[in-house]
Amino acid sequence: MASSFSVLTFFLPPSLLLFMFFFSFFLILRVFVARFIWSNGRCFTCHGPEMHPFIGCLIPFYRNRRRLLDWFTELLAASPTQTIVLERLGARRTVVTANADNVEYMLKTNFDNYPKGKPFTDILGDLLGCGIFNADGELWHTQRKLASHEFTTRSLREFVVKTLDAETNERLLPILSSACKDRRTVDMQDLLRRFAFDTVCKVALGTDPGFLDPSLPMSDLAAAFEVASGICARRGAALVSAVWKVKRTLGVGSEGRLRASVRLIHESVMGLIRRRKEEAAAGKGAERSDLLSRLISGGHSDEVIRDMVISFVMAGRDTTSAALTWFFWLISRQPEIEREVVREAADRADRGQGLDRYQELKEMKFLEACLCESMRLYPPVAWDSKHAARDDVLPDGTEVRRGDRVTYFPYGMGRMERLWGKDWMEFEPRRWLEAEGRELARVSAYKFAVFQAGPRVCLGKEMAFVQMKYIAAAVLRHFELRRAGGEQRPPVLVPLLTAHMAGGLKMVVRERRELDSTGRLRGGGCDRLETIVNS
Ligand code: HEM
């Protein structure tokens, strides 16, 4: 020890040594103070709901159980650190943060200390096995490298041409067109979820379940995914996890249905793998570029391939549809902003003649700003949790204990005045733009953590934007959508695995009139529709 110190003093200048000494001293002091505070009971550096001896915050938690998103948001807005700690009888200690420094720290700086952890992987383990979405450590890292090939610019271009073109022009637009003719309302949330399921299956499995095609029977695979993800989400929201664990052991009730759905999903994917291998053995299918075929040719085991593609389907199936559902609702209430989107889409389509459509979509800056603004207020993944591997202290001084659930909270973050200013509640796409609207402003991924951030940032982010822009531009150029029955009650966000709109989004569809030379809708398009909807 003494010799290593003398080696240090020999090589390092005294000012650096002094700095290192004080730096280490304050680091140790900080941990020591935090520990001392804890040893006296309630953590004084922590904020949150009212706590009672023994039961913790059980009473206010129970009282707010149906509005947890808004309750957490109110507590976070009132917390000087924008972080709260919840301790309640029967539940794991939980740290919830809307503090961008903390989010950066847990998702990047000290990434290794915040894996998903067993409590998370237990909930989704039956369905996802060891797939990327449910894996940590080396298992996750290997899959991450493999899956990233699916998101090269080349594959995204192919995705636009092959998958989005067909799904939009042959299915989505004709459905909207016939609803328009028959003056029927449509549930946009349902249509968008079907669209997303079809597209993610084409990309991940190389099959078309035809979930959006009304002439085809209901896809068993889609139904099984619906059931399985719904039940897994309820596992995650259970007040006492022992209840679903007992039901799982006995295979009864919802757990029995989950088991049956998971069996169907596993058998379907295993069947696909078998057939794809037979096809390859017969010298066919070399042109296939879906994830499943790629993994098979990589020589991975059938179980690894199965788990990986199931994770992929889960990640891509409900996220873009959730984002677009809220986008269409928000846009329908802002005719001026809607006109701007339509103008940009029309303008890009005219100027982009002969150009690559992928590039054309990338250029739609105003639409991208609208999508970001809509996800700020209604993020598809409202909250996301990790579990601390070791004791730690977050940058704002909040003490974390080994095994704590640490949740970053995009829904609350999008509603923090300290992050977005006094007008945080306004739908204002221009906050995402600079250079007079020509460029997208740089916004920290830790402040807008809707796609997570750091090493585990969403792999499908680019693909999601391409898909959302494609659908939004195509639908809005052809149709005007307004919420059926007007806006008596604001829709309610239900934070299952992804954020759903309770009861769906029923909309009236009308054909969009032409734009005049100033970019305004001729014949008062939106206003005319308003009259129909409210009459
Ligand atoms: C608006 C759309 C989307 C949003 C908001 C979103 C958000 C997220 C978030 C928050 C995570 C982290 C989840 C966690 O670790 O618990 C994630 C991971 C992931 N997403 Fe997305 N996602 C979207 C669309 C997609 C799409 C379309 C795909 C692929 C088809 C996709 C593929 C993935 C994958 C593979 C991961 C796992 C990454 C990893 O663990 O390394 N996502 N996404």
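With respect to being more than 11 Å from the ligand (Cβ to nearest atom), over 23 Å from SER219 (Cα atoms) and not β-branched (Val, Ile, Thr), GLU158 fits the description.
Scan segment 328-338 and tell me whether some residue there is modelled with pLDDT of 90 or more, among the basic types (Lys, Arg) and within 16 Å of the ligand (Cβ to nearest atom). Scanning segment 328-338 turns up no residue that is modelled with pLDDT of 90 or more, among the basic types (Lys, Arg) and within 16 Å of the ligand (Cβ to nearest atom). Being out of contact with any strand residue (DSSP E or B) (no Cβ under 7 Å at 6 or more places or on another chain) and at pLDDT 95 or above is the filter; apply it to segment 109-123 and report the residue that is farthest from the ligand (Cβ to nearest atom). Once the filter is applied, the top-ranked residue is THR109. Quick check, is LEU377 over 21 Å from the mean Cα position of the chain (by Cα) and among the aliphatic types (A, V, I, L, M)? Taking the combined requirement at face value, the residue does not satisfy it. All conditions but one from (1) under 20 Å from the mean Cα position of the chain (by Cα); (2) buried (at least 23 other Cβ atoms within 10 Å of the Cβ); (3) more than 26 Å from SER444 (Cβ to Cβ) apply to PRO119; the one that does not is (2). Checked against (1) buried (at least 21 other Cβ atoms within 10 Å of the Cβ); (2) in contact (Cβ under 8 Å) with a residue 60 or more places away in the chain, PRO410 passes all but a single condition, namely (2).
Residues in segment 430-458 that are within 16 Å of the ligand (Cβ to nearest atom), out of contact with any Pro (no Cβ under 6 Å at 6 or more places or on another chain) and either hydroxyl-bearing (Ser, Thr, Tyr) or in a helix (DSSP H, G or I) (or both): TRP432, SER444, TYR446, PHE451, GLY454, PRO455, ARG456. Selection within segment 391-407: residues that are among the charged types (D, E, K, R) and away from the ligand (no atom under 16 Å from the Cβ). The member of this set that is surrounded by the fewest Cβ atoms within 10 Å (Cβ to Cβ) is ARG402. The single condition from (1) surrounded by 14 or more Cβ atoms within 10 Å (Cβ to Cβ); (2) modelled with pLDDT of 90 or more; (3) more than 13 Å from the ligand (Cβ to nearest atom) that LEU164 fails is (3).
For LEU440, the test of being out of contact with any strand residue (DSSP E or B) (no Cβ under 7 Å at 6 or more places or on another chain) and not aromatic (Phe, Trp, Tyr) is failed. Could you please let me know if ALA315 is part of a helix (DSSP H, G or I), at pLDDT 95 or above and either away from the ligand (no atom under 13 Å from the Cβ) or within 26 Å of GLN189 (Cα to Cα) (or both)? Considered against the rule, which asks whether it is part of a helix (DSSP H, G or I), at pLDDT 95 or above and either away from the ligand (no atom under 13 Å from the Cβ) or within 26 Å of GLN189 (Cα to Cα) (or both), ALA315 comes out as no. For segment 357-390, taking the residues that are part of a loop (DSSP other than H, G, I, E, B) and away from the ligand (no atom under 11 Å from the Cβ), the one that is modelled with the lowest pLDDT is identified as GLU363. Where helices (runs of 4 or more DSSP H) fall wholly inside segment 188-284, the ranges with 2 or more residues that are more than 28 Å from the chain's Cα centre (by Cα) and on the phi < 0 side of the Ramachandran plot are 241-250, 253-281. Only residues that are acidic (Asp, Glu) and within 16 Å of LYS469 (Cβ to Cβ) were counted across segment 318-352, and they come to 4. Would it be correct to say that VAL466 is touching a residue at least 12 places away in the same chain (Cβ under 8 Å), under 20 Å from VAL95 (Cα atoms) and either within 11 Å of the ligand (Cβ to nearest atom) or part of a strand (DSSP E or B) (or both)? Considered against the rule, which asks whether it is touching a residue at least 12 places away in the same chain (Cβ under 8 Å), under 20 Å from VAL95 (Cα atoms) and either within 11 Å of the ligand (Cβ to nearest atom) or part of a strand (DSSP E or B) (or both), VAL466 comes out as no.
The values are calculated or read from the model by the stated rules, or taken from the named source; none is laboratory data. Since the model is a prediction, treat every value here as computed from it, not as a measurement. Note that we place each Cβ from the backbone using ideal geometry, even for glycine, and neighbour counts take in every protein chain shown.
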